[in-house]
Amino acid sequence: MKRWTLRGASTAYVVGVPEHGQWASLVAWGPQAVADGPSLTEPVGTEHFLPRADVEPLEYAVRGVRYTSPTELVVSGPDGSDECRPVFVGAVQDEDRLELTFADALRSVRVVLHYRMPADLDVVERWVAVHNDGLDELTLHEHDSAGFVIPTSHGAVIRSLWGEWNSEFQQESITLRRGRFTVDSRQGITGHSYSPFLSAADAAAPDGTTYGVQLAWSGDWRLSADVDTTGQTRIQAGRAPSSFGLSLRPGASWVSPVAVGGCSTAGPDGLARVFHAYQRSFARELPRRVLYNSWFATEFDIRAEHQLELAQRAASVGAELFVVDDGWFTGRVDDKSGLGDWEVDPAAFPAGLDAFIADLGELGLDFGLWVEPEAISPSSELAAEHPEWVLRTPGREPVQIRNQWLLDLSRDDVAEWIWSSLDRLLTAYDITYLKWDANRARLDAGDRRRDLDGLAVGNLYTILDRLREQHPRVFVEGCAGGGARVDLGMAARVDTLWPSDNTAPLDRLKIQRGFLTGYSPHLMSSWVTDAEGTHDGRERSLDFRFHVAMAGGLGIGADLSRWTDEQLAVARRHVLQYREIREVIAHGTVHWLDGGVQYVGADRSVVFLWNTGDGNVRGTLPTRPRRVPLVGLDPHQNYRVGEEVLPGSYLLEVGVSPGDAGSHCLVVDPVG
Ligand code: DGJ
């Protein structure tokens with residue numbers, strides 16, 4: 001067997017092609033050592049009543065090579081067959097990349113498996129390119145980016161994230177001893193329902209070595225986990241198949257989105273750090289400012305004078321940026337109108353937006369703006385001018401959600417119009433922050449024979465890439481009616497993501513806990529508001545609310561005009577502390593503790609502890625101080641924690657002992 005080894009920071013991924021060349025298989029994936037001996041995944045013994053390919057750990061299973069076990073690619077042609085038997089043609093390995101090419105002469109199709117494993121990370125990026133080298137049109141019916149073989153022996157504990165609006169990123173786990181578990185989105189957007197992320201650990205050691213797969217796609221997608229009869233797991237990830245399939249014309253090529261596999265010996269928390277490090281590799285060095293956003297305070301009632309009043313208070317507590325949310329443009333008095341007509345409403349800004357931005361500047365605040373570029377209100381001028389731009393199924397009325405339609409972003413003229421509308425705004429005004437919202441699923445299908453999903457997501461990515469390139473100082477926040485567009489595709493193109501519209505303290509803590517299992521804290525936008533809990537309505541102090549929001553990108557969304565001087569003073573204290581520690585939050589490694597989390601930075605740590613109210617909170621029963629052992633410290637170094645100086649060895653063994661307060665933000669600094 002020919003073998004190729006890709007090496008990451010502490011893990012390796014080894015692929016082989018047997019002499020017969022009929023497939024590529026996974027030789028090993030895991031901590032570096034697994035690359036140095038016999039394969040972990042090679043089946044021994046005889047297969048019964050099955051072709052051999054059905055039990056081999058195939059890297060990319062094609063129908064026609066494999067029949068009964070999961071396949072990633074099904075290609076049909078005009079001969080009425082949906083089988084394909086590509087054989088190995090050659091490999092190219094170059095630094096951290098590997099390309100394996102397979103070709104089927106009868107079907108005239110070439111399949112190239114692409115790999116990239118950056119040397120400083122523990123992820124392997126995988127994608128596939130399918131080329132039609134023949135004279136007939138082909139159709140791809142199943143078209144995953146990759147199949148990841150996960151070397152479990154006893155089945156797997158599969159972890160996933162599910163949710164709905166206002167309660168995204170809820171954690172779920174199931175023990176899959178045999179069979180299949182699938183999560184997906186058919187919403188044309190990543191969706192609130194599931195995150196494109198599955199992880200798997202051997203069912204006999206659920207907190208041991210953990211593998212995870214995420215997909216970089218923000219449209220229709222599908223991830224499945226299968227456990228075979230030997231207890232081995234396979235995770236497939238790719239764009240969701242559609243009724244008509246994807247058509248591949250003679251000479252054309254199709255390239256899948258990237259699926260990313262990660263591995264950590266430190267269980268699910270370690271896997272989260274692996275993905276955080278990967279996502280940080282896209283992060284730009286732009287100032288991460290504490291923002292104030294007007295949405296929860298004023299909703300659509302935008303009036304410059306009132307916004308300025310909020311801005312004065314925001315500036316007084318240390319905010320650095322003021323974002324005007326929905327409601328700033330003509331006709332936008334509620335959610336029934338205005339989308340598409342991106343002109344500043346003179347009623348909201350009588351002296352003009354420039355004057356408002358200048359007033360913010362006087363207060364020391366930068367300016368940011370909300371947009372929902374893919375949407376269109378039925379009553380808008382744009383809808384009257386360009387009815388052909390509205391996405392609809394032929395002969396049917398467009399589906400309305402939140403009183404809005406969608407533009408057909410698969411059209412290049414629509415994409416160009418969206419780009420020029422944004423470009424115009426960003427050029428005309430001093431805007432350094434853009435909140436890009438998307439408040440509905442894409443359900444209208446257009447003509448199903450077109451690859452609407454591929455074209456629309458492709459155009460979305462092109463616009464976001466262009467924004468980065470042509471307006472590099474504009475920090476972009478991705479939002480989708482809360483957290484319906486959080487995925488690797490967006491993580492690579494925006495600077496922060498809005499996880500949920502639920503900002504109530506206890507609900508939010510749970511959402512953030514789930515978010516951080518797959519997505520990095522530098523992407524986690526988080527605001528302090530006055531919101532009451534949807535699920536857990538117990539009240540928590542303002543300190544607690546701040547400590548929840550400070551664990552991500554801190555913002556404030558409360559109605560500050562109603563806050564007392566005392567509340568404003570609390571806010572000021574926290575904002576100032578956050579500005580001191582935000583680098584550690586954005587770049588530190590995340591470690592969950594008993595009742596809290598520790599961000600370990602290059603030389604200091606930040607620890608948040610939250611009393612979620614399940615213990616003896618009133619102190620009416622005898623109790624002993626809670627001890628929370630820390631991680632990531634030097635045992636031979638002394639550290640200052642608040643007023644105390646303690647040895648690293650003590651903090652690692654025994655830990656910190658916070659007082660009775662409902663929450664804490666402790667900064668752990670080395671001394672001496
Ligand atoms: C949904 C977002 O999640 C909110 O933060 C807000 O921007 C509204 N849309 C505005 O319509």
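The values are calculated or read from the model by the stated rules, or taken from the named source; none is laboratory data. What you are looking at is a predicted structure, and each value in this text was computed from that prediction instead of being measured. Heads up, the Cβs are rebuilt from the backbone with ideal geometry, glycines too, and the neighbour counts pull from every protein chain shown. Just so you know, the surface numbers come from the protein's heavy atoms only, side chains and all, with ligands and any DNA or RNA stripped out. Shrake-Rupley method; radii C 1.70, N 1.55, O 1.52, S 1.80 Å.
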Of all accessible surface on the chain at a 1.4 Å probe, what whole percent is carbon and sulfur? 49 percent
Computed over the chain, the relative contact order (Cα-Cα under 8 Å, seq sep at least six) in percent reads 10 percent
Taking the chain and counting helices only, DSSP H stretches of n ≥ 4 at -39,500 (n - 2.57) each over all residues, the nearest-500 ellipticity at 222 nm comes to -6000 deg cm²/dmol
Inverse mean reciprocal Cα-Cα distance (Kirkwood Rh) of region 2-280, Å: 18.9 Å
Where a Cα-Cα gap under 22 Å defines reach, which lysines qualify for K336, not counting those fewer than 8 residues away within the same chain? K435
Roughly how many whole Å is it from the C-alpha centroid of region 239-281 to that of region 543-619? 33 Å
Using a ≥ b ≥ c from the Cα gyration tensor of region 1-144 (square roots of the eigenvalues), is it rounded, prolate or oblate, where a/c under 1.5 gives rounded and otherwise the larger of a/b and b/c decides, a/b for prolate? oblate
Could you do me a favour and compute the accessible area per residue for region 606-671, 1.4 Å probe, result in Å²? 59 Å²
Once the principal axes of the Cα atoms of region 461-556 are found, what is the range along each, listed largest first in whole angstroms? 45, 21, 20
For region 2-280, dividing by residue count, accessible area per residue (probe 1.4 Å) in Å² works out to 37 Å²
Output for region 410-479: chymotrypsin sites (Phe, Trp or Tyr not before Pro) sitting in coil per DSSP, at most 16 other Cβ within 10 Å, listed by number, reads Y429
For region 400-467 and region 482-504, distance of Cα centres in Å: 16 Å
Over region 221-272, what relative contact order in percent results from Cα pairs under 8 Å that are six or more residues apart? 25 percent
Output the DSSP H helices from the chain with an along-axis C-alpha extent of no less than 24 Å and a mean Kyte-Doolittle hydropathy no less than -0.5. 452-470
Among the DSSP beta bridges whose two residues both lie in the chain, what percent are antiparallel, rounded to the nearest 5? 80 percent
Given the whole protein assembly as supplied and a 1.4 Å probe, what does the accessible area of K510 come to in Å², nearest 10? 130 Å²
Accessible area per residue, 1.4 Å probe, Å², for region 394-542: what's the number? 34 Å²
Is region 606-671 rounded, prolate or oblate when judged by the Cα gyration tensor, a ≥ b ≥ c being the square roots of its eigenvalues, rounded requiring a/c under 1.5 and prolate requiring a/b larger than b/c? prolate
Using only protein heavy atoms and a 1.4 Å probe, report how much of W162 is accessible, in Å² to the nearest 10. 100 Å²
For the modelled label position 7 Å from the Cα of D335 along Cα-to-Cβ, which residues of region 473-513 have backbone nitrogen atoms closer than 14 Å? 480-484, 501-502
Hey, could you grab the Kirkwood Rh for region 379-421? Inverse mean 1/r over distinct alpha carbon pairs, Å, one decimal. 11.1 Å
Of region 146-167, those with amide N under 16 Å from the point 7 Å along the Cα→Cβ vector of H535 are 160-167
Residue-span extension gain [D79 to R627] - 0.36 nm each, minus C-alpha spacing: 190.3 nm
At a Förster radius of 51 Å, what calculated FRET efficiency corresponds to the Cβ-Cβ distance of H48 and E137, to the nearest 0.05? 0.85
Can you give the Rg to Rh ratio for the chain, taking only C-alpha atoms and Rh from Kirkwood? 0.99
So how far apart, in nm, are the two label points at K2 and Q93 if each is 7 Å from Cα heading toward Cβ? 1.1 nm
Candidates per GluC sites (Glu not before Pro) in region 70-99, loop by DSSP, up to 11 other Cβ within 10 Å: E95
Rounded to the nearest angstrom and ordered from largest down, what semi-axes does the equivalent ellipsoid of region 201-272 get from its C-alpha gyration tensor (root of 5λ)? 31, 15, 10
